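> Before I ask anything, here is the structure I am working with.
The values are calculated or read from the model by the stated rules, or taken from the named source; none is laboratory data. Remember, it's a predicted structure, so these values are computed and weren't measured experimentally. Don't worry about glycine lacking a Cβ; one is built from the backbone with ideal geometry, like all the others, and counts go over all protein chains shown. All accessible areas refer to the heavy atoms of the entire protein, side chains included, with ligands and DNA or RNA removed. Shrake-Rupley method; radii C 1.70, N 1.55, O 1.52, S 1.80 Å.
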Amino acid sequence: MAADIHFSPLALTRALPFLPLAQGDIDYQVDRRIEPNLIENLLADPNTKVVLTRGGRIAVPRGQGDLVDYENVKMRLATLPGAYVSAELRRYPEVVAMFLGAYAGARGASVVAVDITRVSQTDAAAAAGADDAFDETVSLPGEVPSAKPTLLQQAVTRFDWVDLRGFAPHASAREAGQATSAITLSIWHSRQRFCPTCGSPVRPALGGWAQRCTNEADGNRILFPRVEPAVITAIVDGRDRLLLQHNAAWKDPKLYSVSAGFVEAGENLEHACRREAMEETGIQLGEVRYLGSQPWPFPASLMMAFKAHAVTTDIQVDGEETMIARWVTRDEYTAELVSGRMVAPGRATIARYMIEEWLGREL
Ligand SMILES: [Zn+2]
């Protein structure tokens, strides 16, 4: 049978057909990651766009950072031409560049993400107020660095920096996907500076998607980002009521969501769903069915969503992690939202889409 042509390589399941993270349509072009001087060559190509990350945030044009809390506003990534960034990377060898992929077509743009977290804060302070020089300070190779702030120093104040939860609900799927990959990789590079096996420094490899240990005695081992699997479960009972809970860690006392937790070492996903439900609410689960998944790079989770049928209905919250849990019908849930007694999970979260799937309409 022919494949469903409407599904891009990064598309999701029919149960959860849209999620606002990592659902872009970029071609990773994995085979190019081994090319010598890949980043340098990409930056020399006038079709290449550069996006910037810093401290787990993504750069957007100045002013857009204020839009995060508004509904129905569009946000986009700030991009720089590759040629501007090339000389800067020679100046800052500690800056990590990542090849995110390219778009289809003869003039398809390649996208490189550059993480400037390691451009020091002192430099950033010096750059404040120096925006007017933005287009005039690109140094040529071998040039003596001037006292003027460099392009990457200026970028700290030139752009607004927003986190993925703020950006993704306002962005196109394409740009939200770029931002998710860039932020996930950049957080990993900024946290893992040494080989976990031998303690030697590491350097980026495979276009930024991996690292290589610099210790020959350790075989210059290749290191890949660790992903932390988590399950999230929409639990319904025999009357198709949904189990909603409020957890102690959530700042908003009115926030209610579905059951979630990390997968233990050596545990399968279905067991994790059942264990979390029992620990948090005392509910025993029957059949557990896969719904879809979403990367959640805060800092490195992968949320795997399930729908489960409860075989018991008596709730006993643990009182530590989960404070309140209750069954709701669709009418009851709608009434709680309208009255303001309950708040739904945020627009970037898979939990929101799971609740919508049960509710049968958008929140
Ligand atoms: Zn090592």
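> In square angstrom, what is the accessible area per residue of the chain with a 1.4 angstrom probe?
Per residue, the chain has an accessible area of 50 Å².
> Measuring from centroid to centroid over Cα atoms, what is the spacing of the stretch 249-264 and the stretch 45-73 in Å?
28
> Continuing with this model, one more query. Rank by packing, highest mean first: peptides 344-357, 77-90, with packing defined as the count of other Cβ atoms within 10 Å averaged across residues.
344-357, 77-90
> If you don't mind, there's one more thing I want to ask. Quick one: go through the stretch 33-47 and flag any residue whose amide nitrogen is under 14 Å from the point 7 Å out along the Cα-to-Cβ line of ARG212.
Label zone hits: 33-39.
> What ratio of Cα Rg to 2.2 N^0.38 Å holds for the stretch 228-359?
In units of the globular-protein estimate, the stretch 228-359 measures up at 0.97.
> Hey, another quick one. Compute the signed sum of charges (Lys and Arg +1, Asp and Glu -1) over the other residues within less than 13 Å, Cβ to Cβ, of MET75.
+1
> Report the full-extension gain for the segment ALA300 to GLU94: residue separation times 0.36 nm, less the Cα-Cα distance, to one decimal in nm.
Between ALA300 and GLU94, full extension yields an extra 72.0 nm.
> Please give the peptides 211-217, 180-186, 336-342, 47-53 ranked by average Cβ packing (other Cβ atoms within 10 Å per residue), highest first, as a rough proxy for protection.
180-186, 47-53, 211-217, 336-342
> Just add up the charged neighbours of ASP252: K/R +1, D/E -1, any other residue whose Cβ is under 15 Å from the Cβ of ASP252.
Cβ neighbours under 15 Å give a net charge of +4.
> Moving on. Taking the mean number of other Cβ atoms within 10 Å as a proxy for protection, how do you rank 293-303, 64-74 from highest to lowest?
For the peptides 293-303, 64-74, the packing ranking is 293-303, 64-74.
> Further, regarding this structure: Which GluC sites (Glu not before Pro) from the stretch 242-315 combine a DSSP loop assignment with at most 15 other Cβ atoms within 10 Å?
GLU264, GLU267
> Any chance you could run the full-extension gain for PHE194 through LEU337? It's 0.36 nm times the residue separation minus the Cα-Cα distance, nm to one decimal.
46.7 nm
> At q = 0.09, 0.14, 0.15 Å⁻¹, what is the log10 ratio I(q)/I(0) for the chain, with the Debye formula run over Cα points and no solvent?
-0.60, -1.20, -1.30
> Additional query: Order VAL95, VAL227 by their accessible area, 1.4 angstrom probe, all chains in place, largest first.
Result, largest first: VAL227, VAL95.
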